[in-house]
Protein chains: 2
Amino acid sequence: MTQKRQKGQLIVLSGPSGVGKSTVISELLSERPDIYFSVSFTTRKPRVGEEDGVSYNFTDRATFEAMIARDEFLEYAQYVDNYYGTSLKIIQDKLDAGVDVLLEIEVQGAAKVRAKCPDAVLIFISPPSFEELSRRLHGRHTDDEAVIEGRLNQALLECRQIPNYDYLVINDKVSQAVAEIQAILTAEGCRTKYRENLMEGV
Amino acid sequence: MTQKRQKGQLIVLSGPSGVGKSTVISELLSERPDIYFSVSFTTRKPRVGEEDGVSYNFTDRATFEAMIARDEFLEYAQYVDNYYGTSLKIIQDKLDAGVDVLLEIEVQGAAKVRAKCPDAVLIFISPPSFEELSRRLHGRHTDDEAVIEGRLNQALLECRQIPNYDYLVINDKVSQAVAEIQAILTAEGCRTKYRENLMEGV
């Protein structure tokens, strides 16, 4: 299908810690291997099983702050005492090459991307309920009770930002959530502003 | 999935004569029997195989003009010397009952619906090319050459209105067109404005 823009679609995914973003993203990328998943930079310590350059580009505070000074981020934010940021150049190169780019960022970062890229599609992934989120965070067995408490409070704050997103996908069943994201991406590709009018100039 | 609105979604489909709207709609409705397909009123004569109350509510000019006088239409328009109109009351009752309603109307009518119902989803169905549209109209064997010529000219005018639509679906393969419409409806249902924030009020 011919599209007016040659550029890829910028897709922003947010959602509270524990909502299952990683599982949803991993399933989505297995169905859509053409999407480039942007790996964020962070100063947070790797969790068990997280790999540098795959889950995140893990870096230290001094390096991150030097990158801020060189204006190398599309967005960056501080969250629970750690920096998270998205490299501007990598994203731009992919979009210019017509590749769809998926960003997983928290609500502050998403708001900054929205301001800089009005055409970005912002999707918020929500748990089916607060109780279910609490259950998932406890089930992860990676954080102590105080950290979980902090994440739950943070989740409530984040969910207040949902009106700033285009779409809300509720992650009850992963397959259903992924199907909805796929539908959103298909629909966005059908927007008249991106599609060539094939009867034009006849 | 809980939605903020109790009301159904109003879906407007337009596209030039011969693009295959009827086939697309019939396939869509067989996959989504929950959608109410609004049957328009028209003063045009039935084509072979068209049934009163199914394809259209066929009526005469005097009756149609009396309905206009009684303000009974959501929209109505004149097109190739015939009136086409959509009953306001039927649509409203369905939407209020939470039923999604599909309207097939031409571009003038769609613009009027947009003005009255800003939340309506407007989808334009386009042929893959002008040549293909001409081939389809000739293949239908229902109209003489002068009528086909008129339809092709009309199609060019209609396609200029594509920017007023939200989505453009190109009917190359019917199954693909229907899949895209389904994706659009799923995506529209995921819009944050229609979905309840399940973390609200915790």
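The set of residues in the stretch B:111-125 that are touching a residue at least 40 places away in the same chain (Cβ under 8 Å) and part of a helix (DSSP H, G or I) comprises B:ALA111, B:VAL113, B:ARG114, B:LYS116. For the stretch B:156-165, a residue qualifies if it is within 7 Å of chain A (Cβ to nearest Cβ) and either in contact with a helix residue (DSSP H, G or I) (Cβ under 6 Å, 6 or more places away or on another chain) or in contact (Cβ under 8 Å) with a residue 12 or more places away in the chain (or both), and the qualifying residues are B:LEU156, B:CYS159, B:ILE162, B:TYR165. Of the residues making up the stretch A:115-150, those that are of a type in the set (Lys, Arg) and within 13 Å of chain B (Cβ to nearest Cβ) number 0.
Looking across the stretch A:176-202, the residues that are within 7 Å of chain B (Cβ to nearest Cβ) and of a type in the set (A, V, I, L, M) come down to A:ALA183, A:ILE184, A:ALA187, A:LEU198, A:MET199, A:VAL202.
The rows are residues; the columns are (1) at pLDDT 90 or above; (2) surrounded by fewer than 18 Cβ atoms within 10 Å (Cβ to Cβ).
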| residue | (1), (2) |
| --- | --- |
| A:GLU51 | yes, yes |
| A:SER55 | no, yes |
| A:ASP60 | yes, yes |
| A:TYR83 | yes, no |
| A:ASP100 | yes, no |
| A:GLN108 | no, yes |
| A:ASP119 | yes, yes |
| A:SER126 | yes, no |
| A:GLU131 | yes, yes |
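Criterion applied to B:SER14, B:SER40, B:SER87 was being crowded, with 18+ Cβ neighbours inside 10 Å and more than 28 Å from B:ARG135 (Cα to Cα), and the one residue passing it is B:SER87.
When residues in the stretch B:158-181 are screened for being surrounded by fewer than 17 Cβ atoms within 10 Å (Cβ to Cβ) and of a type in the set (Gly, Ala, Ser), 1 of them pass.
Just give me the residues in the stretch A:54-105 being assigned to a strand (DSSP E or B) and polar (S, T, N, Q), in sequence order. A:ASN57, A:GLN78, A:ASN82, A:THR86, A:SER87 - these are the residues of the stretch A:54-105 that are assigned to a strand (DSSP E or B) and polar (S, T, N, Q). Apart from one condition, B:LEU168 fits all of (1) of a type outside the set (Gly, Ala, Ser); (2) closer than 17 Å to A:ALA187 by Cα; (3) facing chain A (nearest Cβ under 7 Å); (4) assigned to a helix (DSSP H, G or I); the exception is (4).
Every listed requirement among (1) surrounded by 16 or more Cβ atoms within 10 Å (Cβ to Cβ); (2) within 30 Å of A:PHE130 (Cα to Cα); (3) without any contact (Cβ under 8 Å) to a residue 12 or more places away in the chain is met by B:GLU196 save one, (3). Scan the stretch A:133-157 for residues that are surrounded by fewer than 17 Cβ atoms within 10 Å (Cβ to Cβ) and of a type in the set (Gly, Ala, Ser) and the total you get is 3. Scanning the stretch A:92-110 for residues that are under 29 Å from B:GLY189 (Cα atoms) and more than 14 Å from every other protein chain (Cβ to nearest Cβ) returns A:LEU95, A:GLY98, A:VAL99, A:ASP100, A:VAL101, A:LEU102, A:LEU103, A:GLU104, A:ILE105, A:GLU106, A:GLN108, A:GLY109.
The values are calculated or read from the model by the stated rules, or taken from the named source; none is laboratory data. Quantities reported herein were computed from a predicted structural model and do not represent experimental measurements. Quick reminder, even Gly has a Cβ in these numbers, built from the backbone with ideal geometry, and neighbours come from all protein chains shown.
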